[in-house]
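Heads up: the structure comes next, in structure tokens.
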Amino acid sequence: MYHTTGFDREEVIDLCIRINSAERGTGTPDWPPCLGLFKSVAATLTYMRHNRTQAEIGESLGVSQPTISRAITAITPLIPEAVREFVPAADDLDPDAQYILDGTLLPCWSWAGHKELYSGKHKATGMNVQVACTIYGKLAWISDPIDGSRHDNYSQEESGVLLTMNSKNWIGDKGYIGNNMITPYRKPAGGELLDWQKEYNTQVNKIRWMIEQVISHFKNWTIMHTDYRRPLGTFATTISAVVGLHFYRTA
């Protein structure tokens, strides 16, 4: 079970208990009775962990693709609430600690009517999240998703993560210049960096590699680094679910 869902059986059972206890809004769909809660959760986790086609998951569980689709539709919106206690908000961060910040694009299909998802930087469509870790490489926070066309600096401003923080303790790439953060120097137009500035940039980047490792680990959830295929309106909820599961798994 671990290799298909990313969780052992006891953890999946605990997730089932939490999901079954989560507050459900009016009109929330039920998971398919033929699967039950446990298999519906397992199917949803498998989908998120490996981005397998629903028909393939259905075949392994002996049910149809529409049944798997109904299971994913029912379970996914319940996950963020079920694991909310494990997910830190920006206000939970230590204002005196040092953090490394970076953004990453979570890709999806190129929807013709949604140009706001296109990232010129990545030459792909998706949604942007901001990720922070400690200088020791421990994941600390992930923002809510925002349109992929937005730059990292805009995204961090929208998240409000620096509002109560000492930004001088935060480290980022050149995209965050202007926020009093520790960032590399940008080469001046028509000029070159001085030798000490080049060395400074090298040292900053030696620290920044930790956030790249943290993001890479988060993207072990295949659905976060391959094109999202379900309806676009479900993408943000799926991202929130995976963020919650990732913090739950690493707690």
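Quick notes
- Selection of region 148-176 for residues being among the acidic types (Asp, Glu), in contact with a strand residue (DSSP E or B) (Cβ under 9 Å, 6 or more places away or on another chain) and surrounded by fewer than 18 Cβ atoms within 10 Å (Cβ to Cβ) yields only Glu158.
- In this entry, Ser69 is excluded by the filter for residues that are among the polar types (S, T, N, Q) and more than 24 Å from Gly25 (Cβ to Cβ).
- Lone qualifier among Pro95, Pro88, Pro32 - being touching a Phe, Trp or Tyr at 6+ places or on another chain (Cβ under 6 Å) and surrounded by fewer than 22 Cβ atoms within 10 Å (Cβ to Cβ): Pro88
- For region 209-231, filtered to residues that are among the charged types (D, E, K, R), out of contact with any strand residue (DSSP E or B) (no Cβ under 6 Å at 6 or more places or on another chain) and assigned to a loop (DSSP other than H, G, I, E, B), the residue that is surrounded by the fewest Cβ atoms within 10 Å (Cβ to Cβ) is Arg229.
- Within region 98-143, the residues that satisfy the criterion of being of a type in the set (S, T, N, Q), more than 18 Å from Trp209 (Cα to Cα) and either surrounded by 15 or more Cβ atoms within 10 Å (Cβ to Cβ) or at pLDDT 95 or above (or both) are Ser119, Thr125, Asn128, Ser143.
- Residue match in region 200-222 (condition: within 15 Å of Gln130 (Cβ to Cβ), in contact with a Cys (Cβ under 7 Å, 6 or more places away or on another chain) and touching a residue at least 40 places away in the same chain (Cβ under 8 Å)): yes
- Given (1) within 18 Å of the chain's Cα centre (by Cα); (2) hydrophobic (A, V, I, L, M, F, W, C); (3) under 30 Å from Thr164 (Cα atoms), index of the condition Leu45 fails: (3)
- Residue identified as more than 22 Å from Gly244 (Cα to Cα) and out of contact with any Gly (no Cβ under 8 Å at 6 or more places or on another chain) among Glu56, Glu85: Glu56
The values are calculated or read from the model by the stated rules, or taken from the named source; none is laboratory data. Every value quoted in this text rests on a predicted model; they were computed, and no experiment measured them. Neighbour counts run over all protein chains shown; Cβ positions are idealised from the backbone, glycine included.
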